[in-house]
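The values are calculated or read from the model by the stated rules, or taken from the named source; none is laboratory data. Keep in mind that this is a model prediction, so the values were computed, not measured. Here Cβ is always computed from backbone atoms with ideal geometry, including for glycine, and neighbour counts include all displayed protein chains.
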Amino acid sequence: MVKHLLIGFLACVSALNALAQDQDSTLYLDQMVELKEIVVKGYFPNTRLKGDAIVTRIEGTPLASSGTVGEMLIKVPGMTGSEDSPEVLGKGSPLIYINGRMMRDASELKQLRSEDIRDVEVINNPGAQYDATVRAVVRIRTRKQQGEGLSMDLTLTDEQDLRYDFNRPSGRLNLNYRTNGVDVFGSVYYFHQDYRQYSDLEEITKTSKIFRQNGPYTMTWKNDQLTYTAGVNWQITDDHSVGVRADLTHYLGGTNKVIYDEDVLENEVLIDHLYSEQTSKETKPLGWLTNTYYSGKVGNLGIDFNFDFMKTEINTDRENLETSLVDDDIVLSKSGSNSHLYATKLVLSHPVWKGKVEGGTEMTFAKRHNTYWIDIASIANTDADITENNIAAFAEFSLDLERWGQATVGLRYEHTLYDYADQMNSDFLHRSMDEFFPTASYSVKLGNVNAGLSYSFKTNRPSFFAMNDAVTYISRYSMQAGNSQLLNERLRDLSLNLSWRWLTFTATYERCKNAITQWAFITDDDAALIKHINIDKPINTYSAFISATPRVGIWSLNATAGVEKQDFYLDIEGPDGTHRDYYNKPVYTLNAFNTFSLKHNWKFDINFMLRSRGHMQNFYCDCDNIRLGFVVQKSFLKDNALTLRASVLDVLQRNRLNEFADMGYYQIQQNNRYSTHKFSISVNYRFNATRSKYKGTGAGKDAQQRMKN
């Protein structure tokens, strides 16, 4: 329970009056008001159900001392994953909003601090207002700050790898100036990326002979990046605000190196030792992302309008040096892509009877140009244009049934036009689709239990990379390619949410058709070509998770336990005939985040995460992934303006992923180890901190994300 000591009768009255005016905060704010001999207490949960969202309060709780937003999100009930890539349980990576603005760059998870956050809403079955590809939404609201003038927020972080001995520094400076309803803000963020993956790889290719390759596989990725953000928000009146924001990414260069060092056996007889060293150098011209918005209200009509523009470009030069017992070879290749996106979204809302109607439109126009060149005559070069236009209209009606709960129904229509044209190979594809996506939800309070049930029909469109037919050379024994003929996935989702005091329960049934995965095909040269395909059988997935957030004295716990199981099989054709494989081994999750809040602003964390072995689509993970970490934090100066934080992560060095896949004529086993055993230290200093009033929500979010893939 959070304790606030308020001295004086006037302070008590002021606090209670403020709480009465902010009903949303009153619903879940723990309060203790001590006034001489009078003590007023209120008990409210940190996590509760609000319509279709699981809302967790951050401000005033131990979660506020989690460090970065990425470190905080994986502790929120309903979520898991890693600090770099948080996930909603059973739904994967969510669409994340920060004060109504869509998060477009994952580095923002490291840039924003947890102590700035008021609350987090997790929506595990979004309604018609969101793109039909969105399976989960996380809405983050920052805490309210008072005052005008200049404010500053400076964070310096350094991560030292304890196993492989490399270093990753980063730093961010935020400046904000506020006066008379005008908010001018800017920031600069520097990040040195040094990521490494160490794997053991075994590939078995079965044709007229059996080829087996096994040996170590390593990947190192290094780059330096600067991100600049600038914008202005004008709060004209309480009912009208406008603003513009620009994010510029300055890529300072990067190098990716992949090394294969493996034996090659034919019918279990050593015939070759292959050493392949592929070096890729990437260049990216300045990337642009701008958002302009208007948010207002005319009478009872609410208006929310956004316009986005995005421009990105990537150019890669690769050199693949191969040495073997047979011969040596140098393979050169180049690839490039540039993308443009224009998107707009308009949402109108109006009260009707005992409810509210929301409706609007969203339009996204995206174009991408891909090129690929390789100096091997047997592999075709490409010069392809990809165009995707999406025009959507949606409507949603929510009705307050008073003591009988709240019901919402929605419908989204999307018209998608897709064109693929490769001038060098005379490959052309034209696809036009008109689709409707219904959604419905119902929530009710049953005694002390809040319950919510929701249904949605979703889709998943393949990324532009997955639809690129270009063949990428890996080695003389394996190659990789996309597939421009991929169909969209079709997903039907039924979700149940329950909450009681500090317990939250979620259960989901999902049926997926045309699931996108990777499959191997044998070429005329007995090499394996790995391509993206649609699975011809539906995948049924069941999941259930329970979260607990008790607090006893100095100790608070955020724990989650659950299971995810799919019902799925494939008939696999191989050299020995056809056999059936079942992919139904469940995956168990157990997370326990312990925080101890001591005197003098000391905090200690013991964090434990477990994800068990099991099946995901047609892949099997045959090991348990375990992460154990320790964190210590201390705040200094007035208003805790200076915070020092140190942590040791992946203490047991068990953050790993071993995957096996049987594709008939081709089998692969890859055992991965990641560079996550590290010591991290950060320093954060704040001066006159204020909250950004930027209210832009962005548009064309699905296409923006897929253009980055």
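Scanning the stretch 188-205 for residues that are closer than 19 Å to residue 520 by Cα and of a type in the set (A, V, I, L, M, F, W, C) gives 201, 204. Those residues that are in a strand (DSSP E or B) and either within 29 Å of residue 434 (Cα to Cα) or not charged (D, E, K, R) (or both), I need them from the stretch 388-405; list them, please. If the condition is that a residue be in a strand (DSSP E or B) and either within 29 Å of residue 434 (Cα to Cα) or not charged (D, E, K, R) (or both), then 388, 389, 390, 391, 392, 393, 394, 395, 396, 397, 398, 399 are the ones that fit. Scoring residue 366 on the criteria (1) of a type outside the set (S, T, N, Q); (2) outside any strand (DSSP E or B); (3) within 30 Å of residue 256 (Cβ to Cβ) leaves a single failure, condition (2).
Residue-wise test of (1) closer than 24 Å to residue 681 by Cβ; (2) buried (at least 18 other Cβ atoms within 10 Å of the Cβ); (3) touching a residue at least 12 places away in the same chain (Cβ under 8 Å).
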| site | (1), (2), (3) |
| --- | --- |
| 606 | yes, no, yes |
| 612 | no, no, yes |
| 618 | no, yes, yes |
| 622 | no, no, yes |
| 630 | yes, no, yes |
| 636 | yes, no, yes |
| 640 | yes, no, yes |
| 645 | yes, yes, yes |
| 648 | yes, no, yes |
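Suppose the filter is surrounded by fewer than 21 Cβ atoms within 10 Å (Cβ to Cβ), small (Gly, Ala, Ser) and either in contact with an Asp or Glu (Cβ under 9 Å, 6 or more places away or on another chain) or farther than 30 Å from residue 426 by Cα (or both); does residue 470 pass it? Considered against the rule, which asks whether it is surrounded by fewer than 21 Cβ atoms within 10 Å (Cβ to Cβ), small (Gly, Ala, Ser) and either in contact with an Asp or Glu (Cβ under 9 Å, 6 or more places away or on another chain) or farther than 30 Å from residue 426 by Cα (or both), residue 470 comes out as no. Per this entry, residue 445 is counted among residues that are out of contact with any strand residue (DSSP E or B) (no Cβ under 7 Å at 6 or more places or on another chain) and assigned to a strand (DSSP E or B).
Yes/no per residue for (1) free of Cβ contacts under 8 Å to residues at least 40 places away in the same chain; (2) surrounded by 14 or more Cβ atoms within 10 Å (Cβ to Cβ); (3) not assigned by TED's automatic domain parsing to the domain that holds residue 111; (4) not β-branched (Val, Ile, Thr):
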{"position": "230", "(1), (2), (3), (4)": "no, yes, no, yes"}
{"position": "235", "(1), (2), (3), (4)": "no, yes, no, yes"}
{"position": "239", "(1), (2), (3), (4)": "no, no, no, yes"}
{"position": "242", "(1), (2), (3), (4)": "no, yes, no, no"}
{"position": "251", "(1), (2), (3), (4)": "yes, yes, no, yes"}
{"position": "262", "(1), (2), (3), (4)": "no, yes, no, yes"}
{"position": "282", "(1), (2), (3), (4)": "no, yes, no, yes"}
{"position": "288", "(1), (2), (3), (4)": "no, yes, no, yes"}
{"position": "292", "(1), (2), (3), (4)": "no, yes, no, no"}
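Results for (1) over 22 Å from residue 73 (Cα atoms); (2) among the aliphatic types (A, V, I, L, M); (3) not in a loop (DSSP other than H, G, I, E, B), shown as yes or no for each residue.
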{"site": "589", "(1), (2), (3)": "no, no, yes"}
{"site": "592", "(1), (2), (3)": "no, yes, yes"}
{"site": "596", "(1), (2), (3)": "no, no, yes"}
{"site": "600", "(1), (2), (3)": "yes, no, yes"}
{"site": "604", "(1), (2), (3)": "no, no, yes"}
{"site": "608", "(1), (2), (3)": "no, no, yes"}
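Note on the stretch 544-587: among residues that are of a type in the set (Lys, Arg) and outside any loop (DSSP other than H, G, I, E, B), the one that is modelled with the highest pLDDT is 565. If the condition is being farther than 25 Å from residue 154 by Cβ and at pLDDT 90 or above, then the stretch 188-200 contributes 198, 199, 200. Restricting the stretch 405-421 to residues that are of a type in the set (A, V, I, L, M, F, W, C) and at pLDDT below 95, the residue that is nearest to residue 365 (Cα to Cα) is 417.
Name the residue, out of 183, 194, 116, that is in contact (Cβ under 8 Å) with a residue 12 or more places away in the chain and either among the β-branched types (Val, Ile, Thr) or surrounded by fewer than 19 Cβ atoms within 10 Å (Cβ to Cβ) (or both). It is 194. Taking the criterion of being small (Gly, Ala, Ser) and either surrounded by fewer than 17 Cβ atoms within 10 Å (Cβ to Cβ) or not in a strand (DSSP E or B) (or both), the only residue of the stretch 337-363 that qualifies is 355. Count of the stretch 208-240 residues, restricted to those that are over 30 Å from residue 287 (Cα atoms) and among the charged types (D, E, K, R), is 4. Annotation note: Cβ proximity below 7 Å between a residue of the stretch 61-90 that is among the basic types (Lys, Arg) and a residue that is in a helix (DSSP H, G or I) and surrounded by 24 or more Cβ atoms within 10 Å (Cβ to Cβ) (sequence gap 6+ or interchain) occurs for 75/63. Output the residue which, of all residues in the stretch 88-108 that are of a type in the set (A, V, I, L, M, F, W, C) and assigned to a loop (DSSP other than H, G, I, E, B), is surrounded by the fewest Cβ atoms within 10 Å (Cβ to Cβ). Taking the candidates together, the pick is 106. Every test in (1) touching a strand residue (DSSP E or B) at 6+ places or on another chain (Cβ under 6 Å); (2) under 29 Å from residue 482 (Cα atoms) is passed by residue 408 save one, and that test is (2).
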